[in-house]
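The values are calculated or read from the model by the stated rules, or taken from the named source; none is laboratory data. These figures come from a predicted structure and were not determined experimentally. With ideal geometry, Cβ positions are generated from the backbone for all residues, glycine too; neighbour counts draw on all protein chains shown. Ligands, DNA and RNA are stripped out before the accessible areas are found, and what is left, the full protein with its side chains, is counted by its heavy atoms. Shrake-Rupley method; radii C 1.70, N 1.55, O 1.52, S 1.80 Å.
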Amino acid sequence: MATSAPLRSLEEEVTCSICLDYLRDPVTIDCGHVFCRSCTTDVRPISGSRPVCPLCKKPFKKENIRPVWQLASLVENIERLKVDKGRQPGEVTREQQDAKLCERHREKLHYYCEDDGKLLCVMCRESREHRPHTAVLMEKAAQPHREKILNHLSTLRRDRDKIQGFQAKGEADILAALDTRDFLNRYPRKKFWVGKPIARVVKKKTGEFSDKLLSLQRGLREFQGKLLRDLEYKTVSVTLDPQSASGYLQLSEDWKCVTYTSLYKSAYLHPQQFDCEPGVLGSKGFTWGKVYWEVEVEREGWSEDEEEGDEEEEGEEEEEEEEAGYGDGYDDWETDEDEESLGDEDEEEEEEEEEVLESCMVGVARDSMKRKGDLSLRPEDGVWALRLSSSGIWANTSPEAELFPALRPRRVGIALDYEGGTVTFTNAESQELIYTFTATFTRRLVPFLWLKWPGTRLLLRP
């Protein structure tokens, strides 16, 4: 822990006392205290007089506010240092390639010059070339384009509705072409023959419509996820609160990673600590705004090669079934052999239920939530979370709602809209929307993790 203490001390020095986040576009006021530029605009005059400093209560003039460029660079270096510390081997080169830095000063680009149409760093903005120009923050410059993006999204939805209409018509035509007599009563639990088999052309067209519809729906979900993360929400860096961590959990030195241990290792039970449930809360809370962070789920045996192999096997099985159905004009129904196998299926279901006990949960919770004894961890208890296991993924509602995303999320994006009363979960890699909780928030909310899954660890990103 000693190695991370200096970094935490630096973090405290560059934290805004108003928003409790890193200083963004730092400025100094008449008394010498430093805040985010956007935070100073929210300071209102008292009884018609001048606004006062939130710390020392001395009045100041807004026209005397001055930027502190050196401190802005220091904040960027501290953030970069934390990212480098939590980065896994092999990630440095990739992230450096993805980062957008000023080619001249190698600093992060924060501003957009409306006169030259260029992205600027803090040093470029104060240069002779751009000082007389109009430069705004990138987030503000992106706002006018949001309406265009939403209009485009509306057009995509209309196209989706048209395709769904085409698909419904195609299915109706197929049903009209089939012999609609009661096959179930005439041939119960036997093989039957369709007098008018579905034409290959009709089946091909229906498959094409289905593929296009699925592709469009997936594209819409990904687009919504990108819109939610990039334009509407502010990405924040969060850490875990070691005082709240259960004795079953082990935290990393930077408080960004948690693993599960089967033995309870806490010698002293802190008043804020979970005692029975293997849970932990974030050290940073939110009472307003729209914020976003990610939780990476690292699980032994979850490799891309295994998933690709499963998909290929499933594809081959489907092709074999289709060839068998069209080769001789027969479709197989349930047989007596299938009934005999029901016992085996029941045993498999019991095994799956046992596997579900080993899982993890990610989401948000009220910082005042109950932490002692057995907890249900539902929204009525002040917890809004997803539960993931090897068997699937569920929304932790009452009762649980099983979800079926296109891909198993390895990195879950969590977007909290405090005033809007929503907690939205996405696949941070594919941008697919997974689930949204709706509620009315009245208390401080913090990140929430729960882990009872040996061989698994959860990492907070960024």
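Sort 246-252, 113-119 by packing, meaning the average of other beta carbons within 10 Å per residue, with the highest value first. Walk me through the numbers on the way to the answer.
Working: 246-252: 19.9, 113-119: 13.1.
The peptides rank, most packed first, as 246-252, 113-119.
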For Lys234, distant residues with modelled amide H under 5 Å away = Lys290, Val291, Tyr292
Quick one: grab the alpha carbon gyration tensor of the range 373-455, order the square roots of its eigenvalues as a ≥ b ≥ c, and give me rounded if a/c is under 1.5, else prolate or oblate depending on whether a/b is larger than b/c.
-> oblate
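Pairs to check: Lys148/Lys205; Lys57/Lys284; Lys61/Lys284; Lys57/Lys140. Give those whose C-alpha atoms are more than 27 Å from each other in this structure. Walk me through the intermediate numbers first.
Numbers: Lys148/Lys205 33 Å; Lys57/Lys284 25 Å; Lys61/Lys284 31 Å; Lys57/Lys140 30 Å.
Beyond 27 Å between Cα atoms: Lys148/Lys205; Lys61/Lys284; Lys57/Lys140.
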Using alpha-carbon positions, what is the distance between the centroids of the range 280-300 and the range 125-174, in Å?
-> 27 Å
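Could you calculate the contour length gain from Ala141 to Leu251, that is, 0.36 nm times the residue separation minus the distance between their Cα atoms, to one decimal place in nm? Show your work: numbers first, answer last.
Details: separation 110, 0.36 × 110 = 39.60 nm, distance 3.95 nm.
Net length gain for the segment: 35.7 nm.
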Calculate the spin-label point distance for Leu55 paired with Glu79, positioning each point 7 Å from the Cα along the beta-carbon direction, and give it in nanometres.
-> 2.1 nm
Would you kindly state how much longer the chain becomes between Ser368 and Arg443 on full extension, computed as 0.36 nm times their sequence separation minus their alpha carbon distance, in nm to one decimal?
-> 26.2 nm
Residue by residue through the range 281-287, the couplings from Karplus 6.51 cos²θ - 1.76 cosθ + 1.60 with θ = phi - 60°, in Hz, x for Gly and Pro, are 10, x, 7, 10, x, 9, 10
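Per residue, how much accessible area does the range 350-462 have with a 1.4 Å probe, in Å²? Present the calculation step by step, with values, prior to reporting the outcome.
Details: 4770 Å² over 113 residues.
Heavy-atom accessible area per residue stands at 42 Å².
What ranking, highest mean first, results for peptides 291-298, 164-171, 17-24 when packing means the other Cβ atoms within 10 Å averaged over each residue? Provide the component values of the computation, followed by the final result.
Numbers: 291-298: 20.6, 164-171: 13.4, 17-24: 16.9.
Put in order of decreasing packing, that is 291-298, 17-24, 164-171.
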Got a sec? Which residues in the range 376-404 would a label at Gln164 touch, if it sits 7 Å along Cα→Cβ and we count backbone N under 19 Å?
-> 404
